[in-house]
1. I need the phi-derived Karplus couplings for the range 173-180: 6.51 cos²θ - 1.76 cosθ + 1.60, θ = phi - 60°, integer Hz, Gly and Pro marked x.
2. Tell me the mean residue ellipticity at 222 nm calculated for the chain from its helices only (DSSP H runs of n ≥ 4, each -39500 (n - 2.57), averaged over every residue, nearest 500).
3. Above 21 angstrom, tally the Cα pairs of the range 171-273 and express them as a % of all pairs, no decimals.
4. If you average the alpha carbon positions of the range 307-336 and of the range 164-220, how far apart do those two centres end up, in angstrom?
5. Of all the C-alpha pairs in the range 43-344, what % are more than 25 Å from each other?
6. List the cysteines in the chain whose Cβ has no other cysteine Cβ under 4.7 Å from it.
7. Normalised by the number of residues in the chain, what is the relative contact order in percent for Cα pairs under 8 Å and 6+ residues apart?
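Derivation of every value follows stated rules applied to the coordinates shown; laboratory data play no part. Nothing here was measured: the structure is a model prediction, and the numbers come from that model. Glycine gets a Cβ as well: all are built from the backbone with ideal geometry, and neighbour counts include every protein chain shown.
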Amino acid sequence: MPELPPAAPPIATWEQRWHPLREEWVLFTAHRGGRPWIGEMKRPDTGPVPPYDPTCALCPGNARLAGTNPAYTGVHWFTNDLPCFGADAPQSATDDDLYLRRPATGTAEVVCYHPDHSRTMAGLKAAEVRAVVDLWSERTSVLAARPEVAQVLIFENKGSAVGTSNPHPHCQIYAGGLVYAHFAREVESGRRHHARTGDYLGQAILARELAGPRVIAANAGFVACVPWFARYAYEVFVLPRRQMSSLIELSGDERQGLAEMLREVAIRYDNLWRMPMPYVMAVHQAPCDGGDYRTFPFHVEFHPPLRTPDTLKYLAGPEVGGGSMTNESDPDEKAAELRAAAGPHHAARGEAR
Ligand SMILES: [Zn+2]
């Protein structure tokens, strides 16, 4: 690794920061974060969750739209009953050179992290999260080898604030003939940075985060931080300590390291306000359409939509209308809050785990 760059100066009032992965500006308005709020408050998901729910489509032994779940005992995957990509997508042609179309060929899978309906990533043991990461790596290898698959997108939507009403711990895998937009952008930004500097973009970001005050946890393989250019208040990136472009490249030790960091982030999120933290998590890995992606910056992103326990970050005029993100917080301060929210999980304190 090259010498660490100097630490970035603290945030200024009225500041824009360059997002080097997306190659776009983020507007920071930390001085407006405490402005009065008279809009809708988000009620957190705090009710008790049973370990088994007879109405849950993901619990072991329960009926789904198509078929019945086996009595699985660990991590378990199945093909989504209503996939957004289909093996039998009709071949459609178009003779319009502007209104292009193509078949949505591929598959979509659901991964149940654990048979226990009440667990979350934060409530799993380290070995159980490792089993999830191992399965992600296996499914990535299998799906990436299919000729119709251009991208394996692994993501978790957690909590009703991001539209998931079922608390059963699970994620989804989309694998079709589509390179998702953020990944296409990261392909280009990674290539451009390497051509310009000879360095890998992911490693350049890591070096800057290691030199700054925003690291919240780290181990031999991975570092978790609130990035300097965070788009959401409590956004966390999990960055590998060496250049890699996909899950397939992780060693056994690195899969273990990634699992520990993911669990660490999830526990700190829940500890922050002693409530289940909603988030969207996405594994950023290179496309698998035969291109050269050696410079792609593999990492995992967590995007929690809450700014406070009961205030959502709404995407409105600047974000939806204008297409650029506004962050009302200082990433240095948010990282300090997450650093102070170390484990064990608040619900498990006093218990041996
Ligand atoms: Zn369930």
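1. 10, 9, 9, x, x, 9, 8, 5
2. Details: 5 runs with 78 residues, N = 353.
For the chain, the value works out to -7500 deg cm²/dmol.
3. Here the tail beyond 21 Å accounts for 43 percent of pairs.
4. Using only Cα atoms, the two centres lie 19 Å from each other.
5. On the way: 23446 of 45451 pairs.
That fraction is 52 percent.
6. When partners are defined as cysteine Cβ atoms under 4.7 Å apart, the chain leaves C84, C112, C171, C225, C288 without one.
7. On the way: 718 pairs, mean separation 78.0, N = 353.
The value is 22 percent.
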